[in-house]
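Quick note: the coordinates plus some simple rules give every number you see, no bench work behind them. Keep in mind it's a predicted model, so treat the numbers as computed, not measured. Here the Cβ is made from the backbone with ideal geometry for all residues, glycine too, and neighbour counts use every protein chain on show.
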């Protein structure tokens, strides 16, 4: 496949390396702010073609215009950029009108998405055992800008969806008792931790923990390239769960 990359920060560099290791070409790298030797252009255009797919790890402010370009140029896309989800309806219209395929996620790590499946199953099971409360905690390096992480919020959304007694994620530190239905999502920042997420089920007699610990960014890059391989030939708007269910079912 010929894979383009939009955004050439740490993730973009790792995606390029991973794509080439998996036998793909990376003829186009787009970034308006950087000029290393690998960057081929500052703006995507028809001269960038042909491309089988483009992987976007840019900024929330630019992603909607980027997706419009992908639609106009008929390039399937993998969107790993976060923070744009309030514009999902506009993106859905672009994808439908252009006829491209687009897959998005706040986290493309294969391990994290397997972890999501485990959390979903565990939450469904523990929904039947009201003596267990549930909470989410995550650790990241001191340079991480957001808190809680997008992944922690995705975990909370899964738990709220499958557990009747949880209705609302609470990400700030409350100066009061938790209200009925609140799911506390807490964070720690420090050191150089790539990312660690815990789901904790706790009762008066014992504690059950599920945990995912990232060692480096390689898993995120591999998952994004796998998504690029998966979206080729498909049309419509998908998220990472669609891909995971397809793989699990052997489609």
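Annotations for the structure displayed:
- Comparing 96, 222, 209 in a Gaussian network model of the chain (Cα springs below 10 Å), the most mobile by mean-square fluctuation is 209.
- Label-to-label distance, nm, for residues given as residue 42 and residue 179 (7 Å Cα→Cβ offset): 4.9
- For the pair residue 172 and residue 13, label points projected 7 Å from Cα toward Cβ lie 3.8 nm apart.
- Mean projected area of the convex hull spanned by the Cα atoms of the stretch 125-251, taken over all viewing directions: 10.2 nm².
- Relative contact order of the chain, defined on C-alpha pairs under 8 angstrom at six or more residues apart (%): 22
- Just checking the listed ones, 74, 120, 177: in the Gaussian network model of the chain with Cα springs under 10 Å, the one fluctuating most is 177.
- For the chain, built as a Gaussian network whose Cα springs stay under 10 Å, the top-fluctuating residue of 40, 58, 81: 40
- In terms of its alpha-carbon gyration tensor, the stretch 1-122 comes out oblate; a/c meets the 1.5 threshold, while b/c is at least as large as a/b.
- Computed from the alpha carbon positions, the gyration tensor of the stretch 123-187 leads to an equivalent ellipsoid with semi-axes of 22, 14, 9 Å, biggest first.
- Contour minus Cα-Cα distance for residue 192 and residue 142 (0.36 nm per residue): 17.3 nm
- The chain: Cα Rg divided by the 2.2 N^0.38 Å rule of thumb: 1.08
- Debye intensity ratio in log₁₀ form over the Cα atoms of the stretch 100-143, taken at each q of 0.16 Å⁻¹: -0.66
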